[in-house]
Amino acid sequence: MPRRFVRERRRDPYYRAAQREGLRSRAAFKLGYLDDRFHLLAPGDRVLDLGAAPGGWSVVAAERVGPEGEVVAVDLRPIAPIDRVAVVRGRVGDPTLEERLPGEPFDVVVSDLSPRISGAYATDHARSVDLVRAALALARRVLRPGGTFVAKVFDGDLVGALLDEMAPSFDRVRQTKPPASRGASSERYVVATGFRPGRLGRTAPGPAGPVPPASAI
Ligand SMILES: C[S@@+](CC[C@H](N)C(=O)[O-])C[C@H]1O[C@@H](n2cnc3c(N)ncnc32)[C@H](O)[C@@H]1O
């Protein structure tokens, strides 16, 4: 790990709070913020968490949906067991993933999927948009009517078209940047509520092409 990164991380108040509170990642604060602001998670909800490793969001979701709820966590990487969370190791974008999910529908689908960062902004942005499209395609198949979809995206010129594609499928689509997102980071979260099944928007492939296979990420 580069020294500068380690030094900055030690100064990061969200990293320090995550360590103090025994959370699996500083990302946990972002879902907490999104839920406090948009009231995404209710007791008893079924939640699908895409790009879930190491499990920060899943821990928060499991707490907030309570013992009557259920969380299913999906990632390419392994996730150490979490109370009341079912873990599915797999790739979002793989058409067979849905068959391995324990039951449908879900009340909420959240995606914190991130591409492996190349450092080339246009490439990372396009890959991030492709991951949102893959998560959205899955969400459209597994969300209940009225359900909620939340996804991280790296901001850039492809986001407008992405929001246009999402709009017909939801009552409302909003964007936000949680305080725990690093100031310089281009990440945003799209919060889409009131799922309307069967009203597909146009889905154009991004310039980076389809979501790459697991081995390439
Ligand atoms: C920022 S991390 C998620 C952090 C997590 N929300 C937390 O709170 O601990 C992004 C994750 O996306 C996963 N990922 C990227 N592309 C994926 C794909 N196509 N399918 C499944 N997981 C993917 C990565 O393996 C990585 O673990």
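Every read-out reported here was derived from the displayed coordinates using simple, explicitly stated rules and does not represent laboratory data. No experiment lies behind these values; they were computed from the predicted model shown. Cβ: placed from backbone, ideal geometry, glycine included. Neighbour counts: every protein chain shown.
Can you name the condition, by its number, that residue 148 falls short on among (1) touching a Leu at 6+ places or on another chain (Cβ under 8 Å); (2) away from the ligand (no atom under 11 Å from the Cβ); (3) in contact (Cβ under 8 Å) with a residue 60 or more places away in the chain; (4) part of a helix (DSSP H, G or I)?
Only one criterion in (1) touching a Leu at 6+ places or on another chain (Cβ under 8 Å); (2) away from the ligand (no atom under 11 Å from the Cβ); (3) in contact (Cβ under 8 Å) with a residue 60 or more places away in the chain; (4) part of a helix (DSSP H, G or I) is unmet by residue 148, namely (4).
Would you check if there is a residue in the range 94-108 being within 16 Å of residue 152 (Cβ to Cβ) and of a type in the set (S, T, N, Q)?
Checked against the condition, which is being within 16 Å of residue 152 (Cβ to Cβ) and of a type in the set (S, T, N, Q), the range 94-108 yields no hits at all.
Testing residue 116 on (1) loosely packed, with under 15 Cβ neighbours inside 10 Å; (2) closer than 30 Å to residue 155 by Cβ; (3) away from the ligand (no atom under 12 Å from the Cβ), one condition comes back false. Which one is that?
Residue 116 satisfies all of (1) loosely packed, with under 15 Cβ neighbours inside 10 Å; (2) closer than 30 Å to residue 155 by Cβ; (3) away from the ligand (no atom under 12 Å from the Cβ) except (3).
Yes or no: residue 87 out of contact with any Cys (no Cβ under 7 Å at 6 or more places or on another chain) and over 18 Å from residue 72 (Cα atoms)?
When the stated conditions are applied, residue 87 does not pass them.
Working carefully through the options 94, 75, find the one that is surrounded by fewer than 21 Cβ atoms within 10 Å (Cβ to Cβ) and within 10 Å of the ligand (Cβ to nearest atom).
Answer to the selection: 94.
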